[in-house]
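Structure, as C-alpha cells:
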Amino acid sequence: MRIYTHHACLEHDPGIGHPESPARLRAVMQALDEPRFASIERIEAPSATREQLERAHGTEYVDHIFASAPSHGLAQLDPDTVMSPGSLEAALRAAGAACAATDAVLARETRRTFCAVRPPGHHATRHEAMGFCLFNSVAVAAAHALGAHRLDRVAIVDFDVHHGNGTQAIFRHDPRVLYASSHQMPLYPGTGAASEHGAGNIFNAPLPPGAGSGEFRAVWEEKLLPELELFRPQLVLISAGFDADARDPLAQLQLAPDDYAWITQRLCELADRHADGRVVSALEGGYDLEALRECTAAHVAALMA
Ligand SMILES: [Zn+2]
C-alpha cells in the first residue's frame, strides 16, 4: 500500500473560518502517523500535467484556474471556492497524486493507494469551480486510466456526504465509467436524485438527513454494490469524503468510523474480484477534525488489510 501526498496541499488557504482548512490535512497526516501505518510507503505526489487535466476539464477552464491564482490575498471563484497563492500548486499536486496512484496500481507496483490531498475535487465540473473544488482529481484520474491506459471499465465510488455533481456531469455520457454515490439529500449541491441515470452509468442513493449506519449500509448492499459487481470494474477509484460522520458540522448523516471501515472493506473485495485488487482512494470532504482523523484511520486500515 502507498500514500501519495505533498506538503503543497497544506498551502491552499481559503481564509480564516473557511471549513476546508489546512488543519484538515494535518489531521489526516496525524492519523497516518499511527505506528500501525508506519509500514505504508509514502510518495511525494507529482503535479498533474496539462494533458491529464484536459481529459476531464476544458482547456479554457484550466487556463482560467491558472490565471485566477493570486500572487497575494484571496481570489473568490464562487461563493464557497477561494484561491490563495498556494492553491494552484495544491490542486495540481492533488490531481497529480490521483494520476500517479493510478499509474502505480496499473503497473502493479502496489494494489491499494490513498491520496492525502486537498483541495477536494468532486464538485468541480468540466468548466466550473465550485464547492471548495478546483480540479476534479478523481475524475482526472479516471480519464487518465481511460485515455493513457486504455481501460474499458472504471468505477468511481463516492461516499462523501455531498453528491459529486462534477464527477457525474463529466462522465454522464461515458459508459466506460460507472459512478456510484451515496449522499444526503436535500443538501448542497442539490443534484444526485435516484432518477439521474446518465447513460445508464450513474447510480445515486440519496439518504434523508438523520439517516445512519443501517440506511447507509442498506443502500450500498442492496443497490450500489450489486451494480458495481455487474459492471466488473478494472479499477476502483474512491472519492473518500468523511463528512457523513455524525460529528460533521456541514451535514446531518449519522455515520461512525466503523461504517467507513465497512464500505472500504466491501470495495476492496470488489476490487479483488474484478480489478486485481486495484484501489485508488482520494480525500474529499470531512470537516470535523476529530471525526476526520478517526474515519481516515478506519479507511486506511481497511485498505491495508
Ligand atoms: Zn462533502
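Checked against the criteria, Arg278 does not count as away from the ligand (no atom under 15 Å from the Cβ) and open to solvent by 60 Å² or more (accessible area, probe 1.4 Å). Scanning region 33-50 for residues that are over 13 Å from Val140 (Cβ atoms) and either without any contact (Cβ under 8 Å) to a residue 12 or more places away in the chain or polar (S, T, N, Q) (or both) yields Asp33, Pro35, Ala38, Ser39.
Within region 223-246, the set of residues being away from the ligand (no atom under 16 Å from the Cβ) and either part of a loop (DSSP other than H, G, I, E, B) or open to solvent by 10 Å² or more (accessible area, probe 1.4 Å) (or both) comprises Lys223, Leu225, Pro226, Glu227, Glu229, Leu230, Phe231, Arg232, Pro233, Gln234. Using the structure shown, decide if Pro175 is part of a loop (DSSP other than H, G, I, E, B) and closer than 22 Å to Pro22 by Cα. For Pro175, the condition - part of a loop (DSSP other than H, G, I, E, B) and closer than 22 Å to Pro22 by Cα - is not met. Pairs are defined by a Cβ separation below 6 Å, a sequence spacing of at least 6 or placement on different chains, a first member in region 243-257 that is within 16 Å of Arg24 (Cβ to Cβ) and of a type in the set (Lys, Arg), and a second member that is within 13 Å of the ligand (Cβ to nearest atom) and in a loop (DSSP other than H, G, I, E, B); the pairs so defined are Arg247/Asp288. Pairs under 6 Å by beta carbon, first residue under 14 Å from Leu92 (Cβ atoms) in region 1-13, partner open to solvent by 10 Å² or more (accessible area, probe 1.4 Å) and among the charged types (D, E, K, R), six or more apart or different chains? So the pair list comes out as His6/Glu44; His6/Arg93; Ala8/Glu89; Ala8/Arg93; Cys9/Arg93. The set of residues in region 253-305 that are in contact with a Cys (Cβ under 6 Å, 6 or more places away or on another chain), part of a helix (DSSP H, G or I) and of a type outside the set (Ser, Thr, Tyr) contains only Pro257.
Filtering region 149-165 to residues that are open to solvent by 10 Å² or more (accessible area, probe 1.4 Å), away from the ligand (no atom under 16 Å from the Cβ) and touching a residue at least 24 places away in the same chain (Cβ under 8 Å) leaves His149, Leu151, Asp152, Arg153. Contact map, region 51-70: first residue closer than 14 Å to Phe171 by Cα, second residue open to solvent by 20 Å² or more (accessible area, probe 1.4 Å) and assigned to a loop (DSSP other than H, G, I, E, B), Cβ cut-off under 6 Å, separation 6 or more or different chains; pairs are His57/Arg126; Gly58/Arg126; Gly58/His127. Checked against the criterion of being farther than 23 Å from Ala301 by Cβ and not acidic (Asp, Glu), region 21-36 has at least one qualifying residue. Taking residues in region 214-235 that are over 15 Å from Ile156 (Cα atoms), and partners anywhere that are open to solvent by less than 30 Å² (accessible area, probe 1.4 Å) and part of a helix (DSSP H, G or I), the pairs with Cβ atoms closer than 9 Å and at least 6 places apart or on different chains are Phe216/Asp259; Phe216/Ile263; Arg217/Asp259; Arg217/Ile263. With the structure loaded, tell me whether Val117 is among the β-branched types (Val, Ile, Thr), in contact with a helix residue (DSSP H, G or I) (Cβ under 8 Å, 6 or more places away or on another chain), within 15 Å of the ligand (Cβ to nearest atom) and within 25 Å of Gly15 (Cβ to Cβ) or whether it fails that test. Yes, satisfied.
Close contacts from region 124-137, counting a first residue that is open to solvent by 10 Å² or more (accessible area, probe 1.4 Å) and away from the ligand (no atom under 16 Å from the Cβ) and a second that is of a type outside the set (Gly, Ala, Ser) and assigned to a loop (DSSP other than H, G, I, E, B), with Cβ to Cβ under 9 Å and a gap of 6+ residues or different chains, come to Arg126/His57; Arg126/Asn136; His127/His57; Glu128/Leu77; Glu128/Asp78.
The values are calculated or read from the model by the stated rules, or taken from the named source; none is laboratory data. Source: prediction; values computed, not measured. Glycine gets a Cβ as well: all are built from the backbone with ideal geometry, and neighbour counts include every protein chain shown. For the accessible areas, the whole protein counts, side chains as well, though only heavy atoms, and no ligand, DNA or RNA atoms are used. Shrake-Rupley method; radii C 1.70, N 1.55, O 1.52, S 1.80 Å.
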